[in-house]
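Contents: one structure, followed by commentary.
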Amino acid sequence: MRADAVRGHLDGLLLAVLEPGPLHGYAIIAAVQQRSAGALELRTGTIYPALNRLERLGLLRSGWQSVGERRRRCYELTDAGRRGLAAERSGWAEFTTAIGSVLNPS
């Protein structure tokens, strides 16, 4: 899938994969790829600026955790992030309904 297809939806994707619990950057990339059946491949240069922005906005918080032999920064949703995810899902439902109406008219 083209990288520009993700533009505008990256925040929702990141919030959604963090909903079950904290993950570090590479695990976030793997979760998006796994949940999209390999259709979406995010790069570190894409997700880390987005994660930092979401943290500045108060939608995520991060902290250092040991993962195996390494210390990694793990990200998790805040209460505001959970509300933001709900808004992203609502917006996505409206978007897909509108696009579906155009692409597949009755």
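Restricted to helices (runs of 4 or more DSSP H) entirely inside segment 1-65, those with at least 3 residues that are more than 21 Å from residue 80 (Cβ to Cβ) are 25-35, 44-56. Does residue 71 satisfy the condition of being loosely packed, with under 12 Cβ neighbours inside 10 Å and at pLDDT below 95? So residue 71 fits the description; yes. Screening residue 92 on (1) touching a strand residue (DSSP E or B) at 6+ places or on another chain (Cβ under 7 Å); (2) at pLDDT below 95 shows it passes everything except condition (1).
Quick one: would you say residue 91 is surrounded by fewer than 14 Cβ atoms within 10 Å (Cβ to Cβ), at positive phi and either more than 11 Å from the chain's Cα centre (by Cα) or hydrophobic (A, V, I, L, M, F, W, C) (or both)? When the stated conditions are applied, residue 91 does not pass them.
The values are calculated or read from the model by the stated rules, or taken from the named source; none is laboratory data. What you see is a predicted model; the values in this text were computed from it and never measured. Note that each Cβ is placed from the backbone with ideal geometry, even for glycine, and that neighbours are counted across all protein chains shown.
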